[in-house]
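One structure is given below, encoded as structure tokens.
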Amino acid sequence: MSKNPHILDTPIEFLKGVGPLRAAVLQKELDVFRYRDLLELYPFRYIDKTQFYKISELQADLADVQIVGKIIRIKEEGVARKKRIKATFQDDTNTMDLVWFKGVSWVKKSLTVGEEIVVFGKPTLYNSTFSIAHPEIESLESHKKSLSTAMQGVYPSTEKLGLKSLHSKGISKLISGLLEQVIPFIPETLSVVIRDEYKLISKREAILNVHFPKSENLLAHAHRRLKFEEFFFLQLAMLKLKQHKKETNLSFPFSRVGTYFNTFYNEQLPFELTDAQKRVLKEIRLDVATGKQMNRLVQGDVGSGKTIVALMAMLIAKDNNFQACLMAPTEILASQHYQGLNKMVKAIGMNMALLTGSTKAPRRREIHAALESGELDILVGTHALLEDKVKYQNLGLAVIDEQHRFGVSQRSKMWKKNSRPPHILVMTATPIPRTLAMAVYGDLDISLIDELPPGRKPITTFHKTDKNRLSMFHFLKNEIQQGRQVYIVYPLIEDSKTLDYKDLMDGYESISRYFPKPQFQVSVVHGRMKAEDKEAEMARFVKGETHIMVATTVIEVGVNVPNASVMVIESAERFGLSQLHQLRGRVGRGAEKSYCILMSGHKLSVDAKTRLKTMVQTQNGFEIADVDLKLRGPGDIMGTRQSGLLNLKLADITKDSKILSYARQIAIELLEQDPELGSDENRPIYKEYMRAHHTKMKWSTIS
Ligand code: ADP
Ligand code: MG
């Protein structure tokens, strides 16, 4: 902290009504460390305080509700640590239960039979009776008194916060106290020009009204202002970073396209490149020639042919006497890349090696040596590439395939593999909508392969349930007898590995029964196998020695077996859309008509139904990504939440994409006019940018 910390940087502990114990819970549960964090803890919705439900009106899928009534009975159930309190709550229409599992003795003391109260919480239906677990309770009298505005913010809370009386209402009270104290000190963060032009209310008004809206209109204005600000500073930071990288990150200029590239192009390339591939290759070529580091993302749907583009970029590196590497997220994918590319590379007199976690020590040493001597031109592998021992003579280009599978820190290691950072080409298979790409990868240049190679046949997709299993098997048999191969994939969910393993093995058994040896050969690949066994099984399938590949999602990305024509996905409702799309992308790679069969149970959630329906209806990765974004929100997609890129508090990339677009546009124009943000006019922006830069934007030092 600086010498004169701003009042908003005061540790939350010192706020009246907080203290060390509540502070600890606020930190742990809500990431609220300082005054500022509490101010930015926005209500996630608002309830109309004049709006009440009757118990008879409750439905199973309601969000939080307010009900007026009284407790008519309090019962303690269970013993020792399993103790709970159940209160019967009644209004003039019916009765329901209020239940507490925690803080039982304290709760018991605070409840009074017969008093008129307002109960607030989310009702659930259990044995045809509604109940609310850990409801908030307020006496009707005090509820009436606090009716200063009709709209009351609902804040996120958790059980642990509830135990410290920090339900939504408790938090609201803290914020009200905080606002009284700090309102005059909340700085304006936007310039007058921008505020005028876009009719944005002041920061102070926005903060006041987001917490305690004076009217719906002002709440809408508060939201607009705060969302704009979130997007604006995020975009500003990304654009500044891009600008900064362009200015300072010198890399190695690849000034020519030479013999290796040309020989490959003329003699080895097994097909004509699509126009989109050619265009992207050109973008890369121009970019690596500048002397500044390339930081480029290649986006393209499954099967759009990113690998060959990456290879050709690596050939340009070689033509300029540099080494290149290609990092993939799984061993299977890395070794497939190696097998696919090595032949072609060898044919033009280059050396390529594969390095993964299961590479044996002697071979590993050989590779290390060959890499340092410059004998090796291209190294393909997994995370193993990032180890300190892996030193290059002269690494000029690092390609990262399926980059969303890698953490930010892993990627940053690539930068240190040469005296200057090498050019970086990241490839993502999961296409993401433009708005999201802008927000997430605003600091990268984006190339788009928006065209599939010719001759791809559409993959017919069905959704089937268990009762169709026999006919499904029959269909597979038919395909296999025509010489095709088949995948059957089971879900793998981290927290229930044993269950999934059992599902897989049960499935394997019934498949083996229906497809008996020696006529049918079945491979299995799952997470519990040793890497080399996985490889061996995979290799058998690739060679066509086995007909069926029963697997968990380890085969999800990249795997390429053109003869495979059917992808069966078991418990498809448990997969996310982008995963389903990836899996389906494993077929339809050869000349044969291909199919994807989504198997699911009967009972499906609304979201699951939407996912499966989307898969049946479209094969366009960008459309699928759009639906995915709507269903899941941007945080889960591409692991952006994990990388901290999208810690938006209020703004929503899906719903607020318009605000995002103009926030970005304004940021671009602003930097064009005042690249250093040095004018008096832009002083507030500069200050906020610097402040945010120090805290939130630490990730931004790397691509
Ligand atoms: P992805 O973009 O999903 O990584 P790949 O690079 O694995 O896709 O390419 C998928 C398949 O398409 C591979 O078998 C590849 O050889 C083939 N392919 C790539 N480009 C073309 C092209 N221009 N014409 C025909 N086939 C191509
Ligand atoms: Mg790929």
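The values are calculated or read from the model by the stated rules, or taken from the named source; none is laboratory data. Since this is a predicted model, take the numbers as computed values, not measurements. Every residue, glycine as well, gets a Cβ built from its backbone with ideal geometry; the counts of neighbours run over all protein chains shown. Quick note on the areas: whole protein, heavy atoms, side chains included, nothing else; ligands and nucleic acids left out. Shrake-Rupley method; radii C 1.70, N 1.55, O 1.52, S 1.80 Å.
Among residues other than T10 with Cβ under 10 Å from its Cβ, the summed charge is 0 (Lys and Arg +1, Asp and Glu -1).
Size of the dipole of region 197-250 about the Cα centre, Lys and Arg at +1 and Asp and Glu at -1 on the beta carbon, nothing else charged, in debye to 20? Once rounded to the nearest 20, the dipole reads 140 debye. In this Cβ point-charge picture (+1 for Lys and Arg, -1 for Asp and Glu), the chain has a dipole of about 1140 debye about its Cα centre. The listed residues M151, M294, M690 rank as M690, M151, M294 when sorted by accessible area, largest first, using a 1.4 Å probe. So what is the orientation-averaged projected area of the chain, using the convex hull of its C-alpha atoms, in nm²? Its average projected convex-hull area is 36.0 nm². Note on D92/N127: beta-carbon distance plugged into 1/(1 + (r/R0)^6) with R0 of 30 Å gives a FRET efficiency of 0.85. Pairs exceeding 24 Å between alpha-carbon atoms, taken from K467/K630; K82/K122; K246/K282; K389/K416; K502/K593: K467/K630; K502/K593. With a sphere of radius 14 Å drawn around the Cβ of D506, what net charge do the other residues whose Cβ falls strictly inside it have (Lys, Arg +1; Asp, Glu -1)? So the environment of D506 carries a net charge of -2. Estimated from the Cβ-Cβ distance and a Förster radius of 22 angstrom, the FRET efficiency linking I446 and Q268 is about 0.20. Treating each Cα of region 32-104 as an identical point scatterer and summing with the Debye formula, the log10 of I(q)/I(0) at q = 0.12, 0.15, 0.22, 0.27 Å⁻¹ comes to -0.55, -0.76, -0.98, -1.15. By the Kirkwood approach, averaging reciprocal distances over each pair of separate Cα atoms, region 163-268 gets a hydrodynamic radius of 18.3 Å. All other residues with a Cβ under 14 Å from the Cβ of T248 taken together, and with Lys, Arg as +1 and Asp, Glu as -1, what is their net charge? Every neighbour counted, the sum reads +4. The distance between label points at L21 and E366 comes to 6.6 nm (points 7 Å beyond Cα on the Cα→Cβ vector).
Among V119, A539, L436, whose Cα lies farthest out toward the positive end of the dipole of the chain, if unit charges sit on the beta carbon of Lys, Arg (+1) and Asp, Glu (-1)? Ranked along the dipole, the leading option is A539.
In the context of the full set of protein chains, the chain has a per residue accessible area of 46 Å² (1.4 Å probe).
A Cα-only calculation for region 50-147 places Rg and Dmax at 13.1, 40 Å.
Annotation: for a label point projected 7 angstrom from Cα along Cα→Cβ of E116, residues of region 27-51 with backbone N closer than 19 Å are 49-51. The largest-to-smallest principal axis extents of the Cα set in region 459-618 are 42, 35, 29 Å.
Looking at this model, which pairs from K75/K603; K16/K160; K28/K417; K70/K169 are more than 27 angstrom apart at the alpha-carbon? Exceeds cut-off: K75/K603; K28/K417.
Measuring how big region 97-196 is from its alpha-carbon positions, Rg and Dmax come out at 18.2, 60 Å. Computed on the Cα trace of region 294-447, the radius of gyration divided by the Kirkwood hydrodynamic radius gives Rg/Rh = 0.95. Taking 7 Å steps out from each Cα toward its Cβ at K109 and H6 produces label points 4.1 nm apart.
Projecting the Cα positions of L41, I72, A60 onto the charge dipole of region 41-85 (unit charges on Cβ atoms of Lys, Arg, Asp and Glu, taken about the Cα centre) puts I72 furthest along the positive direction. Each Lys and Arg contributes +1 and each Asp and Glu -1, all at the Cβ; summed about the Cα centre of region 459-618, the dipole is approximately 460 debye. Placing R0 at 51 angstrom, the Cβ-Cβ distance between S512 and A63 gives a FRET efficiency of 0.60 after rounding to 0.05.
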